[in-house]
1. Can you run down the residue pairs with Cβ atoms below 6 Å, 6 or more apart or on separate chains, where the first is in region 63-79 and acidic (Asp, Glu) and the partner is open to solvent by less than 40 Å² (accessible area, probe 1.4 Å)?
2. Please count how many residues of region 103-132 are open to solvent by 60 Å² or more (accessible area, probe 1.4 Å) and at pLDDT 90 or above.
3. Since Asp93 meets every condition but one in (1) in contact with a strand residue (DSSP E or B) (Cβ under 8 Å, 6 or more places away or on another chain); (2) acidic (Asp, Glu); (3) closer than 23 Å to Asp24 by Cβ, which condition does it not meet?
4. Do you know which residues across region 30-51 are open to solvent by 40 Å² or more (accessible area, probe 1.4 Å), in a strand (DSSP E or B) and more than 19 Å from Ser138 (Cα to Cα)?
5. Go through region 52-76 residue by residue and tally those that are open to solvent by 30 Å² or more (accessible area, probe 1.4 Å), modelled with pLDDT under 95 and closer than 19 Å to Ala109 by Cβ.
6. Take the residues of region 81-122 that are part of a helix (DSSP H, G or I) and small (Gly, Ala, Ser): which is nearest to Asp2 (Cα to Cα)?
7. So Ala57 clears everything in (1) assigned to a helix (DSSP H, G or I); (2) in contact with a strand residue (DSSP E or B) (Cβ under 9 Å, 6 or more places away or on another chain); (3) of a type in the set (A, V, I, L, M) except one condition, right? Which one?
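The values are calculated or read from the model by the stated rules, or taken from the named source; none is laboratory data. Just so it is clear, the model here is predicted, and its values are computed rather than measured. Virtual Cβ from ideal backbone geometry, glycine too; neighbours counted across all protein chains shown. Side chains are part of the model used for accessible areas, which takes the heavy atoms of the whole protein and leaves out ligands, DNA and RNA. Shrake-Rupley method; radii C 1.70, N 1.55, O 1.52, S 1.80 Å.
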Amino acid sequence: MDFTGEERIAAPRDMVWAALNDPDIMRGCIPGCQSIERLSPDTFEATIRVKFSLLSATFHGLLTLANVDAPRSYTLSAEGKGGLAGFARGAADVVLEERGGETILHYRARAELGGKLAQLGARLLDSTSQRLAEGFFSDFNAAVVAKMTAD
């Protein structure tokens, strides 16, 4: 599964970058995120519950940052195990483009599912993954703008 998109955020790039690296903000924006903890400057441990149609799964895994070019871009890789449901792994290239007082967040993501999840069918998995990504970036946008307004 591959998908791309962008989100226009009414905040400066430095603030968006800081939010992308803040576990508290990420916890509130990742759909189904039950916990996220920073293990090192470039590694997080997370527990995320995802519902795919009739099947729900709780994934435990690691999120790793690579190709970091602060505050412009990074690659976020994830790998999680969901017990009997299977596994999920993927990566997202995130690029922050400063445009006036706004930031355009561009993303290109790819994901792979295995086990029972892979048996659900590509169309269902693609639509669910796209919905989760859009939900994250919409919630992230709102969280950044709220933080900027509060500061």
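1. Going by the 6 Å Cβ cut-off, the qualifying pairs are Glu79/Gly61.
2. Of the residues in that region, 1 qualify.
3. (3)
4. Within region 30-51, Ser35, Glu37, Arg38, Leu39, Glu45 meet the criteria.
5. Here the count works out to 1.
6. Looking only at region 81-122, we keep the residues that are part of a helix (DSSP H, G or I), and these are 83-85, 115-120, 122.
Next, only the ones that are small (Gly, Ala, Ser) stay: 83, 85, 115, 118, 122.
Working: Gly83: 24, Ala85: 21, Gly115: 19, Ala118: 15, Ala122: 11 Å.
Residue satisfying both the conditions and the ranking: Ala122.
7. Exception for Ala57: condition (1).
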